[in-house]
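The values are calculated or read from the model by the stated rules, or taken from the named source; none is laboratory data. Computed from a predicted structure; not experimentally measured. Note that we place each Cβ from the backbone using ideal geometry, even for glycine, and neighbour counts take in every protein chain shown.
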Amino acid sequence: MELNFHLNISEHDYGVKMRRAEESLANEVTVKLQLKFRGSEMARKEEGISLIRRMITDLSGMGIIDVEPQRVGKSEVTPGFAAS
């Protein structure tokens with residue numbers, strides 16, 4: 001399962017996506033998170049890194065990191081989780 005995020009995600013949308021990721025991990029489905037940067041968001045990569053760390057922290061109880069966060073192209077940071 002893939003979940004796409006943008007840097008300016010609202011708290012409600014973040015919560016919905018985290019619940020979907022937790023449900024998938026509970027069903028032992030691997031989850032891939034993609035943080036995509038658009039336009040001027042490219043200048044705020046530090047905020048993107050903190051959002052990735054927050055996602056990893058929020059999902060750490062449900063699974064383990066299968067793929068370490070890495071840059072894919074210019075505009076994506078992608079960690080992957082597998083059920084523990």
Say we look at segment 43-62 and pick out the residues that are of a type outside the set (Ser, Thr, Tyr) and within 15 Å of residue 17 (Cβ to Cβ); which of these is surrounded by the fewest Cβ atoms within 10 Å (Cβ to Cβ)?
54
With the requirement that a residue be of a type outside the set (D, E, K, R), part of a helix (DSSP H, G or I) and surrounded by fewer than 16 Cβ atoms within 10 Å (Cβ to Cβ), what does segment 1-42 give you?
12, 14, 15, 16, 26, 39, 40, 42
Reported set for segment 1-28 where residues are in contact with a helix residue (DSSP H, G or I) (Cβ under 6 Å, 6 or more places away or on another chain) and without any contact (Cβ under 8 Å) to a residue 40 or more places away in the chain is 1, 3
Does at least one position in segment 66-80 carry a residue that is surrounded by fewer than 13 Cβ atoms within 10 Å (Cβ to Cβ), over 13 Å from the mean Cα position of the chain (by Cα), among the polar types (S, T, N, Q) and not in a helix (DSSP H, G or I)?
no
So residue 55 passes all but one of these: (1) within 11 Å of the chain's Cα centre (by Cα); (2) at pLDDT below 85. Which condition number does it fail?
(2)
